[in-house]
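FYI, it's all coordinate maths here, none of it is from the lab. All of these numbers come straight from a predicted model, not from anything done at the bench. Methodologically, a virtual Cβ is constructed for each residue, glycine included, from the backbone with ideal geometry; neighbour enumeration extends over all protein chains shown.
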Amino acid sequence: MSDRRIPLAGVIGTPVAHSLSPRLFRYWLNRHAVAGYYVPMDVAQEDLGEALTALPKLGFRGVNVTIPHKVAVLGLAEIVSDRAALIGAANTLTFQKDGKLYADNTDGHGFIENLRAEAPDWDPVAGPAVVFGAGGAARAVLSSLIAAGVAEIRLTNRTRARAEALRTEFGNRIVVLDWVQAGNAIDGAALVVNTTSLGMTGKPEFRVPLDGLSPGMVVTDLVYTPLETALLAGARAAGCTIVDGLGMLLHQAVPGFERWFGVTPDVDDATRQAVLRRP
Ligand code: NAP
């Protein structure tokens with residue numbers, strides 16, 4: 001099949017209606033005058049393999065992957081990037097010209113690019129990082145912090161065993177602390193990251209004591225609904241530099257757009273506004 005077909009991409013998951021990616025990609029396609037389309041596709045677990053076989057035949061160059069398929073797609077890919085293998089999940093699939101399915105994970109890239117853009121003074125070697133949570137998002141954050149050169153990462157999670165398992169996997173730069181000590185973990189840190197779902201609309205509030213926060217610290221929350229979580233509001237009041245989670249979502253989408261549509265899209269305030277605007 002020729003490459004002259006209109007380039008298509010999309011996001012697969014179930015449910016998928018809540019995804020902000022279609023709005024983001026539509027904005028970038030218009031802004032960069034790319035004649036392509038990006039569609040949300042609700043794909044049931046039992047149809048995943050069939051969908052991934054059919055999509056390239058229909059002109060799809062790749063898809064983003066969201067809940068609940070992020071782990072299952074690894075088993076269906078012929079090529080898995082090192083970072084996707086390390087994280088144990090993929091969010092960006094590319095249907096290569098040689099017919100192979102390439103699985104990548106760009107969450108860690110999105111996390112670190114967002115930090116670099118919004119907190120340019122953050123220095124990975126300036127001091128310890130604190131990471132709350134040990135789920136899928138934490139894996140991406142830990143791998144990118146280690147790659148950035150952070151020497152000490154204090155990891156704390158409600159279920160301590162999950163944090164211990166990540167220490168075993170990611171190595172001894174990680175120091176595991178009890179969840180009841182989460183507030184103490186902040187003392188003397190350069191960076192504080194919430195990767196739990198606490199504070200998200202509809203979830204319990206993030207109640208870790210924030211007395212240890214002080215000016216000069218960078219505090220970021222992966223939760224982006226609401227944009228300013230209680231953690232970020234507390235950090236703002238304490239004089240910290242705050243970075244919200246929406247930027248990570250935008251930055252993690254850049255590699256896919258580049259690969260599928262051949263243009264590096266801009267991540268700037270206009271992009272944020274386009275995604276936040278009601279459709
Ligand atoms: P996950 O794998 O389900 O992990 C959830 C984490 O939250 C676990 O550490 C869990 O602790 C903790 N948690 C849940 N309820 C808790 C409670 N009541 N008290 C204490 N801890 C609790 O989810 P995930 O994929 O890592 O996602 C986590 C958050 O990051 C979500 O809000 C997601 O939307 C957000 N996220 C944002 C981006 C972005 O681009 N901004 C990207 C990825 C994820 P236990 O281990 O004890 O259960």
Put in order of increasing Cβ neighbours within 10 Å, starting from the fewest, THR195, THR53, THR241 give THR53, THR241, THR195
Footprinting exposure proxy for MET217, MET41, MET200, MET248 (fewest neighbouring C-beta atoms within 10 Å first):
MET41, MET200, MET217, MET248
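Fewest to most neighbouring Cβ within 10 Å: what's the order for PHE132, PHE95, PHE170?
On the way: PHE132 27, PHE95 21, PHE170 18.
Ranked by crowding around the Cβ, least crowded first: PHE170, PHE95, PHE132.
So for the chain: antiparallel DSSP bridges make up what percent, rounded to the nearest 5? Can you show the working numbers first?
Working: 7 of 39 bridges.
So the antiparallel bridges in the chain amount to around 20 percent.
Name the GluC sites (Glu not before Pro) in region 151-234 that are in a loop by DSSP and that have at most 11 other C-beta atoms within 10 Å, would you? Intermediate values should be presented prior to the final figure.
Details: sites: GLU152, GLU164, GLU169, GLU205, GLU228; in loops: GLU152, GLU205, GLU228.
Loop-located and lightly packed - GLU205.
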In a GNM of the chain with a 10 Å cut-off on Cα contacts, which of ILE87, ILE79, ILE242 has the highest mean-square fluctuation?
ILE79
First select every other residue whose beta carbon is under 13 angstrom from the beta carbon of ALA134; then total the charges, Lys and Arg +1, Asp and Glu -1.
+3
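Tell me which trypsin sites (Lys or Arg not before Pro) from region 158-189 have a DSSP coil assignment and no more than 12 other beta carbons within 10 Å of their own. Can you show the working numbers first?
Working: sites: ARG158, ARG160, ARG162, ARG167, ARG173; in loops: ARG158, ARG173.
For trypsin sites (Lys or Arg not before Pro) across region 158-189 that sit outside H, G, I, E and B with at most 12 neighbouring Cβ atoms in 10 Å, the list is empty.
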Work out the charge dipole of region 8-79 with +1 on the Cβ of Lys and Arg and -1 on the Cβ of Asp and Glu about the Cα centre, then indicate which of PHE60, PRO15, ALA44 is farthest towards its positive end.
PHE60
Phi-derived 3J(HN,Hα) across region 59-69 with the Karplus relation (6.51, -1.76, 1.60, θ = phi - 60°), rounded Hz, x for Gly and Pro, is x, 6, 8, x, 8, 7, 10, 10, 3, x, 9
Helix 136-148: inclination vs the chain longest Cα principal axis, degrees, rounded to 10, gives 80
Roughly how many debye, to the nearest 20, is the charge dipole of region 124-212 about its Cα centre, given +1 on each Lys and Arg Cβ, -1 on each Asp and Glu Cβ, and no other charges?
260
When the chain is modelled as a GNM with alpha-carbon springs shorter than 10 Å, which of ASN184, ASN30, ASN64 fluctuates the most?
ASN30
Degrees, to the nearest 10: 21-31 long Cα axis against longest axis of the chain:
70
